[in-house]
1. Please find, within region 24-40, the residue that is farthest from the chain's Cα centre (by Cα) out of those that are open to solvent by less than 50 Å² (accessible area, probe 1.4 Å) and among the aliphatic types (A, V, I, L, M).
2. Which residue pairs have Cβ atoms closer than 9 Å, lie 6 or more positions apart in sequence or on different chains, and pair a first residue in region 11-32 that is closer than 11 Å to Ala46 by Cβ with a second residue that is open to solvent by 80 Å² or more (accessible area, probe 1.4 Å) and aromatic (Phe, Trp, Tyr)?
3. In region 41-56, which residue that is of a type outside the set (A, V, I, L, M) and open to solvent by less than 40 Å² (accessible area, probe 1.4 Å) is modelled with the highest pLDDT?
4. Exactly one condition in (1) open to solvent by less than 90 Å² (accessible area, probe 1.4 Å); (2) modelled with pLDDT under 95; (3) in a helix (DSSP H, G or I) is not met by Ser21; state its number.
Amino acid sequence: MQHDLQLRAAARAIYENVYPSEEWAPIGFDEAERFGTVQYRQAVGAAQDARAVLTGPNQQLPLPAIL
């Protein structure tokens, strides 16, 4: 994924927020990318889903009401 730097950065941000410590994922993002771990693939999938939502036809999503 090194050819798409924005998607890679988004996947890294997701990975580091979802797996913040060794308790959650035993290796960092770079190693997870190299080995194609399940955590890495999940972060990439989430980044792809987020990009689809953010660049789709309905870019302005309604925010939930806070009561």
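The values are calculated or read from the model by the stated rules, or taken from the named source; none is laboratory data. Since the model is a prediction, treat every value here as computed from it, not as a measurement. Cβ sites come from the backbone with ideal geometry, for glycine too, and all protein chains shown count toward neighbours. Each accessible area value is taken on the protein alone, full model and side chains, heavy atoms only, with ligands, DNA and RNA left out. Shrake-Rupley method; radii C 1.70, N 1.55, O 1.52, S 1.80 Å.
1. Here is the first cut: in region 24-40, the ones open to solvent by less than 50 Å² (accessible area, probe 1.4 Å) are 25, 27-29, 32-33, 36-37, 39-40.
After this cut, where a residue has to be among the aliphatic types (A, V, I, L, M) as well, the list is 25, 27, 32.
Working: Ala25: 14, Ile27: 16, Ala32: 13 Å.
Within region 24-40, the match that is farthest from the chain's Cα centre (by Cα) is Ile27.
2. That search, which allows pairs on different chains as well, returns Val18/Trp24.
3. Step one: list which residues in region 41-56 are of a type outside the set (A, V, I, L, M), which gives 41-42, 45, 48-49, 51, 55-56.
Filter once more, keeping what is open to solvent by less than 40 Å² (accessible area, probe 1.4 Å): 45, 56.
Numbers: Gly45: 96, Gly56: 81.
By that ranking, first place goes to Gly45.
4. Only one criterion in (1) open to solvent by less than 90 Å² (accessible area, probe 1.4 Å); (2) modelled with pLDDT under 95; (3) in a helix (DSSP H, G or I) is unmet by Ser21, namely (3).
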